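What follows is a single structure, written as structure tokens, with notes after it.
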Amino acid sequence: MKSLVRQNDQLIVNKAQRKLHIITFGCQMNEYDSRRMAQILMGQYSLTPHVDEADLIIINTCSIREKAEHKLYSLLGRLRRLKATNPSLKIGVAGCVAQQLGNRLFSRAPYVDFVIGPQALYKIDGILGKLAHGEIRLCDIELSRRFQIPCIDAPLPKKGDVRAYVTIMQGCDNFCTYCIVPFVRGREISRPSEDILAEVESLARQGIRDVTLLGQNVNSYGKGLEGDVDFSGLLERIDSVFPDVRLRFTTSHPKDLSDRLIDCFGRLGSLCEHLHLPVQSGSDRILKRMNRRYTSQHYLEMVEKLRRTCPDITITTDLIVGFPGETDEDFEQTLALVKEAKFDQAFAFKYSPRPGTAAVKMKDQVDEKVKSQRLTRLLNFLNDIGLKQYKKFEGRTCQVLVESYSDSKLTARTRGNHVVNIEGPKDLVGRLINVYIERACHHSLIGRIVH
Ligand code: 5AD
Ligand code: SF4
């Protein structure tokens, strides 16, 4: 999947003179982090969607796949020119690539003013203060053992938003052999449940009706939080306090998916029938080399249990093709697993060697051409299976939450996370309505309002 350069929308409108532009690459965690940075700076800056009128530009980077460094340097090269017209412009690099490069970034791009890792971005105002006092080229890539999101009273839904993310933990201890996350986001640290509840409360007060809890490995939430709840306990608490807010979470690791958590899908009224459960490969040999610590059989058993507990559950996944040592036969096993698991949707990626990880040193790297061929085959295969899953909704009536309006069209979402396009008036945004599903497309449904 391609990283997105998101021109951040106007999150906050205030009277501050100076303008901030944030460019966000990568995952939902980065989107959440960008919003937090904007929030911390809201008294000093107002957000602008126009990069050329900014006084501060922050690039929040992602290093999970692709040529992240190369992309960053070419973007910086373009931004550098803006300093000629606005000498007081400050440029900062945040996120995972910043964490990896640290001070080295300044030797290649000396015009960058600061570099901050994912855990340091909560100190952004202090860093800007030091720059204002004449310090230059500041770098903070400290990884802490304490949770780094201060409990701020007012998280940042965009005006009119009905969905929001809430980070519940940072980092990852799993060390899958292909993955850079444990190196750039540090060890797993859980956020106290009281802070999470306070944030959900504040979001609900501001009109948010659908909350996704975020973490690299949410199943191990609570480790290290003495006397606090575990992940199922957290879901139970949120469900009991906010029964009317749709609740979701991502991402789960199959090795830690407990029976108690599976039961939550049958028991908790607010927990939506959707689970993103990355399998990565259908070959046990490759799963072992990836250090995933489950087998394809174990994975399929969990899928079956989930469907027994919650027949309507949507199961989505991530897949990697061309991991070092993957043979044609291993790849066929991935196709077989996909067929058996009947995923509603899947994100498939070519294996991308990440510096410093164990897999990059494995000898039998797969040829780029073979990776591309396998990816194309897998994507075609997934499309067919996904469409079949979506077609099951044709002729059904579903309850959807209306998320947005544009050109007399509404975009809504089922509890199972299917996007439904409907014709209807703007005032339905934020409301739960019943729709009749007329037709299924590859990644969305077309519905009609049932009166
Ligand atoms: N190459 C390809 N895909 C990767 N992912 C993580 N690291 C890599 C990599 N080095 C994928 C995994 C993960 C998703 C977020 O990104 O499938 O679940
Ligand atoms: Fe990366 Fe594995 Fe951790 Fe997910 S569980 S963030 S793939 S190391």
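Numbers below:
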item	result
Of residues in segment 423-440 being in a strand (DSSP E or B) and β-branched (Val, Ile, Thr), the one most open to solvent (accessible area, probe 1.4 Å)	Ile433
Residue match in segment 304-312 (condition: surrounded by fewer than 17 Cβ atoms within 10 Å (Cβ to Cβ) and within 12 Å of ligand 1 (Cβ to nearest atom))	no
Filtered residues of segment 331-361 (kept if more than 16 Å from ligand 2 (Cβ to nearest atom), part of a loop (DSSP other than H, G, I, E, B) and either over 21 Å from Tyr299 (Cα atoms) or open to solvent by 20 Å² or more (accessible area, probe 1.4 Å) (or both))	Lys342
Cβ-Cβ under 7 Å pairs, at least 6 apart or on other chains, segment 349-365 side on the phi > 0 side of the Ramachandran plot, far side open to solvent by 60 Å² or more (accessible area, probe 1.4 Å)	Gly356/Phe183
Filter result for the condition that a residue is closer than 21 Å to Tyr165 by Cβ, within 16 Å of ligand 2 (Cβ to nearest atom) and not β-branched (Val, Ile, Thr), over His253, His274	His253
Condition met for Ile446 (modelled with pLDDT of 95 or more and either assigned to a helix (DSSP H, G or I) or among the aliphatic types (A, V, I, L, M) (or both))	yes
Residues satisfying the stated conditions in segment 274-290, i.e. open to solvent by less than 10 Å² (accessible area, probe 1.4 Å) and more than 12 Å from ligand 1 (Cβ to nearest atom)	Leu275, Gly282, Ser283, Ile286, Leu287
Flag for Gly43 being surrounded by fewer than 23 Cβ atoms within 10 Å (Cβ to Cβ), over 19 Å from Leu121 (Cα atoms) and more than 21 Å from the chain's Cα centre (by Cα)	no
Per-region count, segment 389-408, residues over 26 Å from the mean Cα position of the chain (by Cα) and either open to solvent by 50 Å² or more (accessible area, probe 1.4 Å) or closer than 13 Å to Val162 by Cβ (or both)	7
Sole residue being in a loop (DSSP other than H, G, I, E, B), open to solvent by 30 Å² or more (accessible area, probe 1.4 Å), modelled with pLDDT of 90 or more and β-branched (Val, Ile, Thr), chosen from Ile136, Ile208, Ile152	Ile136
Flag for Glu31 being open to solvent by 40 Å² or more (accessible area, probe 1.4 Å), under 26 Å from Ala348 (Cα atoms) and part of a loop (DSSP other than H, G, I, E, B)	no
Helices (runs of 4 or more DSSP H) contained entirely in segment 78-123, each with at least 2 residues that are more than 23 Å from Gln216 (Cα to Cα) and at pLDDT 95 or above	104-108
Every residue from segment 250-262 that is surrounded by fewer than 16 Cβ atoms within 10 Å (Cβ to Cβ) and either under 14 Å from Leu234 (Cα atoms) or polar (S, T, N, Q) (or both)	Ser258, Arg260
Criterion (open to solvent by less than 20 Å² (accessible area, probe 1.4 Å) and not aliphatic (A, V, I, L, M)) met by exactly one of His418, His443	His418
Residue match in segment 213-234 (condition: over 22 Å from Arg187 (Cα atoms), assigned to a helix (DSSP H, G or I) and β-branched (Val, Ile, Thr))	no
Pairs with Cβ under 7 Å, 6+ apart, first in segment 428-451 and touching a residue at least 24 places away in the same chain (Cβ under 8 Å), second of a type in the set (Lys, Arg)	Gly430/Arg209; Val435/Arg448; Tyr436/Arg448; Ile437/Arg396; Glu438/Arg448; Ala440/Lys391; Ile446/Arg439
Index of the failed condition, Thr61 passing every other in (1) within 16 Å of ligand 1 (Cβ to nearest atom); (2) more than 14 Å from Ile22 (Cβ to Cβ)	(2)
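Each row is one residue, and each column tells you yes or no for (1) of a type in the set (Gly, Ala, Ser); (2) touching a residue at least 12 places away in the same chain (Cβ under 8 Å); (3) closer than 18 Å to Glu403 by Cβ.
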{"residue": "Ser193", "(1), (2), (3)": "yes, yes, no"}
{"residue": "Ile208", "(1), (2), (3)": "no, yes, yes"}
{"residue": "Val218", "(1), (2), (3)": "no, yes, no"}
{"residue": "Leu225", "(1), (2), (3)": "no, yes, no"}
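Listed here are the residues, each with its yes/no results for (1) assigned by TED's automatic domain parsing to the domain that holds Pro425; (2) within 14 Å of ligand 1 (Cβ to nearest atom); (3) touching a helix residue (DSSP H, G or I) at 6+ places or on another chain (Cβ under 7 Å).
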residue	(1), (2), (3)
Asp330	no, no, yes
Ala336	no, no, no
Tyr351	no, yes, yes
Lys363	no, no, no
Asp367	no, no, no
Leu382	no, yes, yes
Gly386	no, no, no
Val402	yes, no, yes
Ser408	yes, no, no
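The values are calculated or read from the model by the stated rules, or taken from the named source; none is laboratory data. Note that the structure is a prediction, hence the values are computed from the model and not measured. Please note: Cβ atoms are built from the backbone with ideal geometry, for glycine as well, and neighbour counts cover all protein chains shown. Note: areas computed on protein heavy atoms with side chains; ligands, DNA, RNA excluded. Shrake-Rupley method; radii C 1.70, N 1.55, O 1.52, S 1.80 Å.
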